[in-house]
Every structure is written in structure tokens, then in C-alpha cells.
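Take a look at the structure set out below.
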Amino acid sequence: MATLGIAGAKLALVDKNGVVLTGTNGIFKYTDQATTDKTGIFDVTVDTSFGVASVALSNLTGSTTDISGSNKIVFKSAGKGSAQTVLTVNALPNEIKMAVLAMPSDGKGGFTITGKADPNNRVAYLAESAEAFDINKPVYVGMYMGTASEAGATLTSNNASDNRTTDAITIAGLERGDDGFGKYFYSSASKFDEAAMLADVFKTVVPGLGV
């Protein structure tokens, strides 16, 4: 996927079936918005987070192994990759970041450094870029769920220049049933449907029908 820049991203906490969690269970759980939140989706924008710096995907495919027969390589055994994303945001709001990382709140402004990622705290995201030679044609990548972690943090002194750090969140992908890890979406594709894309990545429960 040849791309141009990074326009923004959306984040949500989801349950084991990939259904978005809202309210006091969702991504706004540590904010004043928790009691009114109905969508469970946080928009990473210039206004909310000073924008997205990068979205780096890796391990999208597994390795191949040669299968020999009659003194020839006759087949390739293909292993499955373990998709991973490093989402770097200039300044993710603290309470949103703590919800993404599943750091427990003490209710007094403190969040426990547990020393391990919480595999039961699942994060979904959708990131927007554009085609490499046409910024008016958005392209997207969405991952259905993954376990988020932050490997380290370094605070450095200001000098002649301000020394800022960014929020680099690693999201280790999980498969959502038979849906796989996620999807690429192209606005240039025939019958592209933005609403359908959002509903695919951020599943919700339909009253009376379930998911």
C-alpha cells in the first residue's frame, strides 16, 4: 500500500468478540465523559492529541518453508504472521492512554504500573492515510483487536530546544474469529462505503439482533 502522510486515527476498547465497549467500560472510563459516552470511539486528531505521528505495521505475514519432493522444491509451507502495530501519537490524553494500556486507576489521579500487558484489555483502531500520489483519495487500515503495551518511556531535559516525547503504543494483534486481524480499505475502490468500514472495524450490538 503506497501512502501519503497520516491524517488521523480512531481508537476503541473492545470485548473478546470485537464489540466496542462504551461508557464506564470503554476508552473514556477514566474521564468525565464516561457517563455520557455512547460510541466508545476516541478520535486521534490535531485538536485532541496534536495528531498522529506514525502507524507502523509489522509481522503481517509469516515465513515460508520449502517442501521438497523428487529432488525439487515442490511447495512452500506458509506460516501465519503475528500482526503488530506501533501507533505513535504526539500527545495522547493521559486518561485515554491509561485506558488503552489497562493501567488501573486509584481514583486519585494515580495509575498503577503493573509491569505487564493485560491480554483481556483489547484495542481496535482505524488509521487514515491517502494514496501516494493523490491526497484526495483516502486509504485506511483497520485492526480489529490487539493487546496494547508501552515498552519504555524516557524523560529528557530541555536545553536550547524543547525536548518532547511522543506516545508510542505497541498493539499486538489478535484475530477476530474468522475475520482475521483486520482490513485495508480504499476509497477509490468500487462501492467503497465509509459507514460499512466503520461498522466493520468498530462492531456494535444491534438491539434485538445481537452483534
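The table that follows gives values for the structure above.
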item: Dipole of the chain, positive end: most advanced residue of 195, 174, 112 [Cβ charges, Cα centre]; result: 174
item: Anchor residue 72: lysines whose Cα lies under 16 Å away (excluding residues fewer than 8 positions away in-chain); result: none
item: Unit charges on C-beta of K, R, D, E only; dipole of the chain, Debye; result: 520 debye
item: Karplus-derived HN-Hα couplings along the stretch 105-111 (A = 6.51, B = -1.76, C = 1.60, θ = phi - 60°), whole Hz, x at Gly and Pro; result: 8, 8, x, 10, x, x, 10
item: Value of relative contact order over the stretch 112-211, rounded to a whole percent, pairs C-alpha under 8 Å and six or more apart; result: 27 percent
item: Within the chain, helix-based [θ] at 222 nm, where runs of 4 or more DSSP H residues each add -39,500 (n - 2.57), nearest 500; result: -2500 deg cm²/dmol
item: For the chain: accessible area per residue (Å², 1.4 Å); result: 59 Å²
item: Rounded, prolate or oblate (a/c below 1.5 giving rounded, otherwise prolate when a/b exceeds b/c) for the stretch 1-60 by Cα gyration tensor; result: oblate
item: Test item: Cα-centred dipole of the stretch 103-208, Lys/Arg +1 and Asp/Glu -1 on Cβ, debye; result: 200 debye
item: Among 135, 103, 165 - extreme Cα towards positive end, dipole of the stretch 67-211, charges at beta-carbon; result: 103
item: Long-range Cα-Cα pairs in the chain (distance over 30 Å), rounded percent; result: 29 percent
item: Extension gain from residue 68 to residue 133, taking 0.36 nm per residue of separation minus the Cα-Cα distance; result: 19.1 nm
item: Cross-link pairs beyond the 19 Å C-alpha cut-off, checked among 16/203; 29/108; 10/116; 116/203; result: 10/116; 116/203
item: Cα centre as origin, Lys/Arg/Asp/Glu Cβ charges: the stretch 42-128 dipole, Debye; result: 480 debye
item: Segments 17-23, 101-107, 144-150 sorted - mean Cβ within 10 Å per residue, highest first; result: 144-150, 17-23, 101-107
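The values are calculated or read from the model by the stated rules, or taken from the named source; none is laboratory data. This structure is a prediction, so every number in the text was calculated from the model and none was measured. A quick note on method: Cβ atoms are made from the backbone with ideal geometry, for glycine too, and the neighbour counts reach across all protein chains shown. Surface areas here come from the heavy atoms of the whole protein model, side chains and all, with no ligands, DNA or RNA. Shrake-Rupley method; radii C 1.70, N 1.55, O 1.52, S 1.80 Å.
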